[in-house]
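Here, each number is a calculation from the coordinates, and none is a lab measurement. It should be emphasised that the depicted structure is a prediction, and the values quoted were computed from it without experimental measurement. Ideal geometry is used to build each Cβ from the backbone, glycine not excepted, and the neighbour counts take in all protein chains shown.
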Amino acid sequence: MESEEKYNVKVLEKTLNILKCFTSLKPEWTLSDLCKELKMNRTTIYRILTTLSAHDFITVSEKSGKYKLGSVFVVLGATVLSEMDLRKSAGYHLKKLSEISGETAHLCMYYNMTAVNIDIYDSPQENKIAPRIGKELSLHASSPGKIFLANFCDDDLEEYIQKGLAPSTQYTCTSPDEIKKMVKKIRQEKLAYDLRESTDDRSGISAPIFNYKNQVIAAIGAVGPYARFEKNLETIAKQVKNSAHSISKEMGYMGEF
């Protein structure tokens, strides 16, 4: 009985390895190519594919003889996507980020050339920053805004800069060259900072949230009083980035962070 169970587990592992070969980069495979890729016995792969095909997990083209994922994955994929609700996925991570950082955590989306707070979890500390849901934030001064600005293509970024970089405080960056350098750094590090640039007495850090198409769909960040925030900048940056990565994975993102 035990040996039979081990055999079944091995067959399941082989089946899963076969299915994982079918990606957007290579959606179709011949039997020979699968054998070379997986270094598995041809007869074994053929039997597994035949079983998968009988249950609509795999289809095979009569003309080319190539295999591809079947209709079952359309249904399964739609089910997964329907569960990928941003606020639902982010809620737990907002709470956790606030608790471990000791600061207010907020979730923002891009809207009409601004970053807008769509969810907030307040800091447990008495002295805290308490932003409101619906608050619109500057793209070049706030940390979530900078995340969205860094997602602009070069032409759109240039157009934004040409419209003027109005300062929110004396610390707001208003130099086109410095903004371009900042955007380049954000794209590389996947982190944006607001060090008293949007409001005199507060600072914040944000990171991008990606979906399964590798698109930036939101930003998560932490915000707090400047004096306290400055002392824990590096630690909070890591916490924010980890939170963004966790949410992104739940949204189907498979890239690196």
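The table below gives the values:
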item: In Å, descending, principal axis extents of the Cα set of region 130-198; result: 34, 24, 20
item: Summed side-chain charge close to ILE45 - residues other than ILE45 whose Cβ falls under 11 Å, Lys, Arg +1, Asp, Glu -1; result: +3
item: Two-decimal Rg/Rh across region 132-257, once Rg and the Kirkwood Rh are taken from alpha-carbon atoms; result: 0.96
item: Peptides 49-62, 153-166 ordered by average Cβ neighbours within 10 Å, highest first; result: 49-62, 153-166
item: Pairwise Cα inverse-distance average, inverted: Kirkwood Rh of region 29-112 (Å); result: 16.7
item: Packing-based exposure ordering (other Cβ within 10 Å, fewest first) of ILE48, ILE120; result: ILE120, ILE48
item: Gain on full stretching of the segment that runs from PHE73 to ASP56 - 0.36 nm per residue minus C-alpha separation; result: 5.3 nm
item: For SER168, SER206, order by how many other beta-carbon atoms lie within 10 Å, fewest first; result: SER168, SER206
item: Lysine pair number, Cα distance threshold 26 Å (strictly under), region 25-132, separation 8 or more or different chains; result: 15
item: Sorted by Cβ density within 10 Å, fewest first, the residues ILE100, ILE147, ILE179; result: ILE100, ILE179, ILE147
item: Under Karplus coefficients 6.51, -1.76 and 1.60, residue-wise ³J(HN,Hα) of region 237-243 in Hz, glycine/proline x; result: 4, 5, 5, 5, 5, 5, 5
item: Signed unit charges on C-beta, dipole axis of the chain, positive-most listed residue TYR226, ASN211, CYS173; result: ASN211
item: The chain, helix-only ellipticity at 222 nm - DSSP H runs n ≥ 4, -39,500 (n - 2.57), divided by all residues, nearest 500; result: -14500 deg cm²/dmol
item: For the chain, built as a Gaussian network whose Cα springs stay under 10 Å, the top-fluctuating residue of SER24, SER98, SER123; result: SER24
item: Global size of the chain as Cα Rg and Dmax, reported in angstrom; result: 23.8, 74
item: Fluctuation leader among ARG47, ARG196, ARG132 - the chain, Gaussian network, Cα springs under 10 angstrom; result: ARG47
item: Note, ³J(HN,Hα) from phi for region 163-177, Karplus 6.51, -1.76, 1.60, rounded to Hz, x at Gly and Pro; result: 6, x, 10, 5, x, 8, 9, 5, 9, 5, 6, 10, 8, x, 5
item: Amide H within-cut-off set for GLY70, under 5 Å, with H built and near neighbours excluded; result: ILE58, THR59
